[in-house]
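> One structure is given below, represented as structure tokens, and several questions about it will come after.
Readers should treat all values here as calculations from the given coordinates under stated rules, not as data from a laboratory. Small disclaimer: the values here were computed from a predicted structure and weren't measured. When we count neighbours, we look across all protein chains shown, and the Cβ atoms used for this are built from the backbone with ideal geometry, even at glycine.
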């Protein structure tokens, strides 16, 4: 993230897609925040605490979960 224009979302996306790091989890991603309420039947967007608990629960599968959630939205 030391490069100009590379923020947390870009870093996590690169970790997931290019480096295949399974624990990458872009918590600020709008698609993820819109998909979580869909799969958990929530009335509002998830809190940071809920996202953190889900990341811990999914462990090394959290990157795969993000991809599946993104696919649900399209």
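> Two-decimal Rg/Rh of the chain from alpha-carbon positions, Kirkwood Rh?
Here Rg/Rh amounts to 0.97.
> For residue 43 and residue 20, FRET efficiency with R0 = 35 Å and r from the beta-carbon atoms, rounded to 0.05?
For R0 = 35 Å, the calculated efficiency reads 0.50.
> For residue 34 paired with residue 52, estimate the spin-label separation in nm (one decimal), with each label point 7 Å from Cα along the Cα-to-Cβ line.
2.6 nm
> Counting other beta carbons within 10 Å of each residue's own, what order do 55, 45 fall into, fewest first?
In increasing order of surrounding Cβ atoms, one gets 45, 55.
> For segment 25-60, list residues with backbone N below 20 Å from a point placed 7 Å from the Cα of residue 13 toward its Cβ?
25-36
> Rounded to the nearest 500, what is the 222 nm mean residue ellipticity of the chain from helices alone, with -39500 (n - 2.57) per DSSP H run of 4+ residues and division by all residues?
-18000 deg cm²/dmol
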